[in-house]
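> One structure coming up, written as structure tokens, with questions to follow.
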Amino acid sequence: MKKNKRANHSQRTAAALSFFMFIVIALGTVVLLEFLDYRAGKYSLIFTKIIPLRQALATGEKFDREWTEILVRRKAVFDFFRDRDGVIHFKIDVSDTDYLPLSRDLNLLVRKHRGLSQLSQVQGMKEQTVYLYQVRFDKRLTHVVLLTRRFLKIPAPTRIESPVVTAKKNQAGKIPRLAFIIDDIGYTDLMAEQLRDLGIPLTAAVIPSAPYARAEAEKIHAYGLEEIIHLPMQPKDPANHHPRDQFVLIDSSPAEIAALIQNAQAIIPFARGLNNHMGSLITANPEAMRRVLDPVKKAGLFFVDSKTTYETVGFDLARQMNIKTIVRDVFLDDEQNYLYSSGQIRRLVELARKNGRALAIGHPFASTLAALRDAVPWLKQQKVEIVFASALLE
């Protein structure tokens with residue numbers, strides 16, 4: 001009897017070990033095949049989405065930034081987008097005389113970062129030649145560069161129109177407008193200078209309780225930028241600590257909320273409006289939002305709904321209360337990296353063209369500011385107008 005029990009136990013143990021080894025071999029095979037796809041430049045669920053290999057990506061990001069700087073320096077007309085596999089596609093137009101220097105810059109930059117560039121396709125036409133470069137780092141395709149070399153041609157005679165005709169045309173074709181709000185200003189004492197140096201209209205959202213709020217607010221105003229109050233409001237996540245003297249809480253009284261806004265105005269005296277910091281719990285609650293918007297209206301401020309939850313009622317309620325308002329369209333840095341922020345800036349332009357206007361909110365991360373700085377020359381080529389957030393109000 002005991003022998004039978006021992007035999008049965010041994011059989012179960014052997015079966016369990018066999019099953020375990022089967023699972024290990026199967027998983028190993030899947031991972032190996034995914035890795036081979038990744039190294040071949042193909043889409044890989046594991047190494048592109050679940051556990052992305054950061055080394056090649058980091059090199060790609062450095063190349064992307066330096067290549068953009070070269071294009072800006074050479075005043076090339078360019079556009080870019082990122083596909084679902086994370087590959088960056090550049091579309092560039094250059095004159096005949098600028099082609100050779102730019103192609104040389106491309107090859108030198110790829111070699112600098114130990115990558116490989118391949119001229120995979122050339123298409124010649126009467127007035128232009130199109131070159132297709134594929135750039136790989138760590139044997140993975142990271143960039144596709146479509147370079148159009150345009151040859152000189154005799155320009156057609158220019159027809160000079162009267163100022164009246166030009167004015168009518170400008171009025172008929174409205175230029176899409178877009179705005180950027182940078183949240184969380186006040187935690188460092190050097191951010192105002194960085195925002196100024198971007199050289200575009202920006203709206204800075206200053207947190208009243210931040211240690212450098214007052215000093216940064218004064219500099220932002222002196223630099224001719226727009227500033228608003230970034231009012232902390234209670235989110236749905238209960239894990240964070242929310243001091244009553246800094247946050248609008250779900251049970252804050254009208255008097256407490258009015259005091260918070262008055263205190264914020266004393267620290268940020270040139271603020272023309274207010275947006276919510278966090279606040280997914282408050283902005284989804286009509287009663288709580290009305291308690292917030294009553295003193296906002298009395299103070300003569302506009303309200304920007306940061307849309308930290310899709311359940312927000314802030315924008316609609318502000319309109320009902322005849323408060324000038326707008327809602328955020330794009331977050332620049334849900335993912336805190338340069339390429340994501342660059343893609344979000346492109347998305348913002350597309351929304352502005354579609355809807356006539358669009359609003360983005362970002363944060364003073366190094367990657368966000370770098371993406372904004374590098375995008376400015378491209379933005380100026382897109383026939384859009386960059387304005388303060390207040391210019392988009394309804």
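What follows draws every value from the coordinates through simple rules; no lab data is involved. Values in this document were obtained by computation on a predicted structure and should not be read as measured data. Counting neighbours? That spans all protein chains shown, and the Cβs are built from the backbone with ideal geometry, glycine included.
> Between segment 86-101 and segment 242-280, what is the C-alpha centre distance in whole Å?
Cα centroid of segment 86-101 versus Cα centroid of segment 242-280: 49 Å apart.
> Using a 10 Å cut-off around each Cβ, can you sort Ile261, Ile175 from fewest to most neighbouring Cβ atoms?
Ranking Ile261, Ile175 by Cβ neighbours within 10 Å, fewest first, gives Ile175, Ile261.
> Could you put His277, His89 in order, starting from the residue whose Cβ has the fewest other Cβ atoms within 10 Å?
His89, His277
> Expected output is a single nm value to one decimal: the length gained when fully extending between Glu193 and Val77, i.e. 0.36 nm times separation in residues minus the C-alpha distance. What is it?
Stretched out fully, the Glu193 to Val77 stretch lengthens by 38.9 nm.
> Can you give me the convex hull volume of the Cα atoms of segment 54-150, divided per residue and expressed in Å³?
Output value, Cα hull per residue: 89 Å³.
> Once Rh for segment 174-392 is found with the Kirkwood sum over Cα pairs, what is the Stokes-Einstein diffusion coefficient at 10 °C and 1.306 mPa s, in µm²/s?
91 µm²/s
> Now a separate question. Round to the nearest 0.05 the FRET efficiency obtained for Val24 and Arg319 when R0 = 56 Å and r is the Cβ-Cβ distance.
Working from the Cβ atoms, E equals 0.40.
> Three principal axis extents, largest first, for the C-alpha atoms of segment 288-333, in Å?
Taking the Cα atoms of segment 288-333, the three principal extents are 33, 18, 14 Å.
> How high is the FRET efficiency between Leu100 and Asn337 when r is their beta carbon distance and R₀ equals 35 Å, given to the nearest 0.05?
Given R0 = 35 Å and the Cβ-Cβ separation, E is 0.60.
> Can you pull out the trypsin sites (Lys or Arg not before Pro) in segment 211-290 that DSSP calls coil and that have at most 12 other Cβ atoms within 10 Å?
Arg244
> Largest first, please: the extent of the C-alpha atoms of segment 313-354 along each principal axis, to the nearest Å.
The principal-axis extents, from largest down, are 39, 23, 12 Å.
> Counting other beta carbons within 10 Å of each residue's own, what order do Thr148, Thr325 fall into, fewest first?
Thr148, Thr325
> Kindly flag which residue pairs out of Lys91/Lys174; Lys219/Lys380; Lys174/Lys236; Lys75/Lys354 have an alpha-carbon separation exceeding 32 Å in this structure.
The pairs that break the limit, which is 32 Å between Cα atoms, are Lys174/Lys236.
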